[in-house]
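A quick write-up on the structure given underneath.
The values are calculated or read from the model by the stated rules, or taken from the named source; none is laboratory data. What you see is a predicted model, and the numbers here were worked out from it, not measured in a lab. Backbone-built Cβ (ideal geometry, glycine too); neighbour counts: all protein chains shown. Side chains included, ligands, DNA and RNA excluded: accessible areas come from the protein's heavy atoms. Shrake-Rupley method; radii C 1.70, N 1.55, O 1.52, S 1.80 Å.
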Amino acid sequence: MATPSHTIEIRVRFGETDPYGVAYFAAVLDYFKRGMDEFLRSRGLPPDGVYRNVKRRFGFPVVATQCRYRSPVRFDDLLTLRTRISRVEEKGATFGFSLFRTVEGKDILAAEGEDLLPLHQRLLEADPHPEGPQESPHWLDSPSQPVGPAPQPPPSLLSQLRRTSRRGDDCCGGT
């Protein structure tokens with residue numbers, strides 16, 4: 001069964017490159033974030049309501065990311081980013097990314113990676129609209145420490161992500 005994915009095109013902008021015209025490594029992480037936003041939108045889920053839902057008092061922050069850079073991307077390259085759900089668990093989801101550039105009609109893998117988004121309710125127990133930088137909650141500093149009762153995931157969101165990851169459709173008609 002095919003993994004559901006969403007594909008977008010991204011043009012490398014001048015401001016995302018170093019003096020040699022190669023995209024700065026952090027630009028690729030931004031591309032991953034854009035791909036995740038568009039994946040969620042393609043499934044009818046507003047990104048702001050997934051990452052931080054003040055009304056329902058839950059959030060899915062990105063707490064870990066990994067990226068393997070395979071081939072440089074340069075100013076004005078037109079890239080193809082495929083975003084998919086790698087895993088859905090009771091307490092979160094992992095998104096996977098594959099970034100390609102085309103050279104002489106062939107897709108070349110430029111980067112691949114994953115973002116881990118665990119479910120957190122405690123992120124929203126403080127002021128939902130902070131006025132500036134705040135100290136991280138103590139429970140983020142040592143994730144191996146127990147933090148009390150586990151937050152209950154919003155059933156509709158996680159079940160929709162689970163259905164999406166099992167359905168095997170491809171919303172874009174290709175890989």
Under 6 Å between Cβ atoms, which residue pairs at least 6 apart in sequence (or on different chains) link something in region 41-57 that is touching a residue at least 40 places away in the same chain (Cβ under 8 Å) with a partner that is surrounded by fewer than 16 Cβ atoms within 10 Å (Cβ to Cβ) and not charged (D, E, K, R)?
S42/C171; V54/P128
Just for region 61-82: of the residues that are part of a strand (DSSP E or B), more than 11 Å from E112 (Cβ to Cβ) and open to solvent by less than 80 Å² (accessible area, probe 1.4 Å), which one is modelled with the lowest pLDDT?
A64
Would a scan of region 42-60 turn up a residue that is under 24 Å from L109 (Cβ atoms) and not in a loop (DSSP other than H, G, I, E, B)?
yes
Considering region 9-26, residues that are exposed (fewer than 12 other Cβ atoms within 10 Å of the Cβ) and part of a strand (DSSP E or B), and then whichever is nearest to the chain's Cα centre (by Cα), we arrive at E9
Inside region 92-114, can you point out the residues that are at pLDDT below 95 and either polar (S, T, N, Q) or touching a helix residue (DSSP H, G or I) at 6+ places or on another chain (Cβ under 9 Å) (or both)?
G92, A93, T94, F95, T102
